[in-house]
Structures are given as structure tokens and as C-alpha cells.
Amino acid sequence: PHPMLDPIVSFFARVFQAIGKGLGLLVGALLWPFLWLGRWYARRGWILRAVVGAIIAGIIGLYGYFFYVTQFWTGFDPDYPAALVEARSTTGAGEPLAATSGAATSGAQPAQSCKPSAIAGVAADLIDFNVNQNAWISSMLVSKAGLLGIEWRNTPFFDNKAAFQLGINQVMRRTTTELVDTLGRIRGTSQIDQNLQDARTAMAWAETAWYIGWRGPTRPTPSVYREGIEKLRAFNSSLERCQATFDARADNLMQFLDRIAGDIGSTSDILRQRIELSDAGWFDLRADDRFWFAYGQLYAYYGILVAARSDFASVIAERNLTALWTRMEQNLRNSLDVQPWIISNGNESSAIFPSHLATMGFNLLQVRSNLVELRSILDR
């Protein structure tokens, strides 16, 4: 080589040697505890080794199961309310249904039957999706332990499905509250339906409860939420026998839409705050759980609002809301097509790092605008 290049070559050689030495020291520091543990393990007796080996195998098994349930989503389908869309009618929830032709021709007195609530039915199905078709992530021991004590939401790993489930659960809490307070009784003055009250109580249970809490033994979250499913379906069974109430009035629908719009507005504000706080693109470790929480809300509200169209069919027909409601449903469904593999919270003018939070925020505000418009028509 040319003598003038020797200092340059020597400089870069020293740089790469230093980098290699630094990497070697880092790897050594990371592996040292495991090497020390291996030497310690080899010097112990077979009983202690068997016990320690079983504990390590159990931990590996827990993390393996945790990896599996967080990466594979069972039953996820943005078109899950399709059957409800196809079965639309002009009969509202709680209204008497026409007698079957068989009963009419036989001359027998048909048993009275009323239309069950699609809102209660969809809510029960969504809770079932959260805790039966899938494992409830937030109360799992490995989820609570985090990554070496760091909460999973502060890492790039294993928090997307948990955030999605929590978004759905937020909607379930709002829905069961509205069913108890207004929809499941006449003008809010009649007796509260006990099944709905029990369902609301179940859904208010702590989302991270395990078998043992700070105050001693407790019930894990999934088992309590399963009671919520049973109570919602029990309410629908009573409603089908015309033994319960669903007050499908315009002012109740207006209040329900108000509550949903407020819930969506609150989430869009959370997204806005995150957008203003960071523009780290793919390296924003909190962007993914914000995105998937909002996605879970939209996923759940899509089914709940399709169900509300069925339960308030007569009100929607009387107020000529069909076209506007259909547009709102289409906007909700279109927003569920945004499913990026990696969530980016970049600057909105960036050509490299997209802003998925801004996209989700726009979708939320678009749906909220539809809800406000529907509410204003109902208020006339």
C-alpha cells in the first residue's frame, strides 16, 4: 500500500479492533451469569439439580406458552358481525315476534316470544373471544413479571395482543354499564335487571388479577369475565321469553351514541398526546400498544354498533337514519383494514417513517364525527 495510506489503514484497524473487543466484553458480560450458574449447577447433588432443572424447565415452558398465545390470535375476524348484518329486520330488541306458522296452523296457543338484544349477544361473544377463544394476556404471571422486571409495554415485545384485548374490554365495560343504567330498564326508573347488574360487576373486575393478589387469594380475571358472558346470555334468554326489558327509545339511543363518542374521543386524545410526545418512528416502544388499544376499541364498537342498528331498528327507520348509519358502519369496517406489521410513530411529513398513530387517530375522529351527526338528528 501507499505509505501515505498506512496511518489511515492503521487507524481503521484500531477502530475495528476496539469495536470487536467491546462486543466481546459485552457478550462475555451477558453470558457470565449463565456460565457461573452452569458451573454451580454441575457441582450440586442430583436432587438439587433435579429441583433446579424442573424450575428452569417450568420457566421456559411458561415463556414458551406466553410467546405462543401472544403471537397467534384465534378467531380474529374484522367481519365477525356479518351474520348480524344479513339478519336485519324492522323489529327492535324486546319487541314481540310473530308466531311461527306451525303454531298458527295447529291452533295451539303459541308461547310469547320477544326479540333478544343483539348488543348483549355481541358483547357476550366479544368477551368469549377475549377469554375463551384466546388466553387473557394481562393477568398471566409472565405478563405481570415483564422482561427482567420491565413492563412489556415498555419493550418491543409481546404487548400488542394484550393492548388489543384491553381495547375490547374497555368497550365491554362501557356497554354493560349502559345496559344496566338505561337500555335494560324503562326510563331509568324501573328495577335494575339483576343479570345485567351482575355482568357489569364482572366486567369491572381488575384486568390483571391472578390467583394471588396483594391482599391474598383472589379470583383470576378470566374466570370472572366468564361469569359476565353467562349473565349477558341469561339476560337475553329472559328477554326472549318476554320476561326482561330492553327500552329501545330514541333518547336512549342518543345517550348511548353520546357515551361511545366520548369514549372514542378520549382515545383519540391519547393518540394525539403520543404523537406530540415522540416521532421516533419504528423505535417508539409505546406506539404499538397505543395503536392496538385503539384498534381493539374500533373492532368491538364495530360489532356493538351493528348490533345497535338491530336493537333500535324501528327508531332508525322512523328517523331515516339508515343511510347515515350504513356510512358509519362502512367507515368502521374500513378502519379495521389498517393492520401494519410494525407500528411506526413518525413525523406526519416523513417519507420514511409513517405515522400509523395519526392514521388511527383520523379513523377514530371520522367515526366520532358520524356518531355526532347521528346524535344531532336524533335530538331534533
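The values are calculated or read from the model by the stated rules, or taken from the named source; none is laboratory data. These numbers come from a predicted model, not from an experiment. Note that each Cβ is placed from the backbone with ideal geometry, even for glycine, and that neighbours are counted across all protein chains shown. Surface accessibility is based on the protein's heavy atoms, side chains included, excluding ligands, DNA and RNA. Shrake-Rupley method; radii C 1.70, N 1.55, O 1.52, S 1.80 Å.
So here's what we get for this one:
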item	result
Residues (polar (S, T, N, Q), under 14 Å from Asp193 (Cα atoms) and part of a helix (DSSP H, G or I)) located in region 236-259	Asn236, Ser237, Ser238
Yes/no for Arg226 being more than 20 Å from the chain's Cα centre (by Cα) and farther than 18 Å from Ile119 by Cβ	no
Given (1) in contact with a helix residue (DSSP H, G or I) (Cβ under 7 Å, 6 or more places away or on another chain); (2) assigned to a loop (DSSP other than H, G, I, E, B); (3) open to solvent by 70 Å² or more (accessible area, probe 1.4 Å), index of the condition Ala206 fails	(3)
Which numbered condition Gly20 misses (of (1) open to solvent by less than 60 Å² (accessible area, probe 1.4 Å); (2) within 30 Å of Ser143 (Cα to Cα); (3) of a type in the set (Gly, Ala, Ser))	(2)
Yes/no for Gly303 being closer than 29 Å to Arg380 by Cβ and free of Cβ contacts under 8 Å to residues at least 24 places away in the same chain	no
Where Asp279 falls short, out of the listed (1) out of contact with any Lys or Arg (no Cβ under 9 Å at 6 or more places or on another chain); (2) within 19 Å of Met254 (Cα to Cα)	(2)
Looking only at region 334-347, and only at residues there that are outside any helix (DSSP H, G or I), open to solvent by 20 Å² or more (accessible area, probe 1.4 Å) and within 26 Å of Glu373 (Cβ to Cβ), the one that is modelled with the lowest pLDDT	Val338
Among the residues listed as Gly296, Gly262, the single one being part of a helix (DSSP H, G or I), surrounded by fewer than 18 Cβ atoms within 10 Å (Cβ to Cβ), under 26 Å from the mean Cα position of the chain (by Cα) and small (Gly, Ala, Ser)	Gly262
Residues of region 115-148 classified as buried (at least 24 other Cβ atoms within 10 Å of the Cβ) and either touching a Cys at 6+ places or on another chain (Cβ under 9 Å) or on the phi > 0 side of the Ramachandran plot (or both), total	0
Options Asp279, Asp269; residue that is out of contact with any helix residue (DSSP H, G or I) (no Cβ under 8 Å at 6 or more places or on another chain), surrounded by fewer than 14 Cβ atoms within 10 Å (Cβ to Cβ) and under 30 Å from Pro340 (Cβ atoms)	Asp269
Hits in region 84-98 - residues which are surrounded by fewer than 15 Cβ atoms within 10 Å (Cβ to Cβ) and more than 13 Å from Val306 (Cα to Cα)	Thr90, Pro96, Ala98
Qualifying positions in region 218-235 - in a helix (DSSP H, G or I) and in contact (Cβ under 8 Å) with a residue 24 or more places away in the chain	Thr221, Pro222, Tyr225, Arg226, Glu227, Gly228, Ile229, Lys231, Leu232, Arg233, Ala234, Phe235
Selection count, region 47-83, where residues are closer than 21 Å to Ile304 by Cα and of a type outside the set (D, E, K, R)	9
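Results for (1) in contact with a strand residue (DSSP E or B) (Cβ under 6 Å, 6 or more places away or on another chain); (2) open to solvent by 70 Å² or more (accessible area, probe 1.4 Å); (3) free of Cβ contacts under 8 Å to residues at least 12 places away in the same chain, shown as yes or no for each residue.
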position	(1), (2), (3)
Pro33	no, no, yes
Trp36	no, yes, yes
Trp46	no, yes, yes
Tyr63	no, yes, no
Thr70	no, no, no
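Here is a yes/no grid of residues against (1) surrounded by fewer than 17 Cβ atoms within 10 Å (Cβ to Cβ); (2) modelled with pLDDT of 95 or more; (3) touching an Asp or Glu at 6+ places or on another chain (Cβ under 9 Å):
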site	(1), (2), (3)
Arg274	no, no, yes
Gly303	no, yes, yes
Asp311	no, no, no
Val315	no, no, no
Thr326	yes, no, no
Leu332	no, no, no
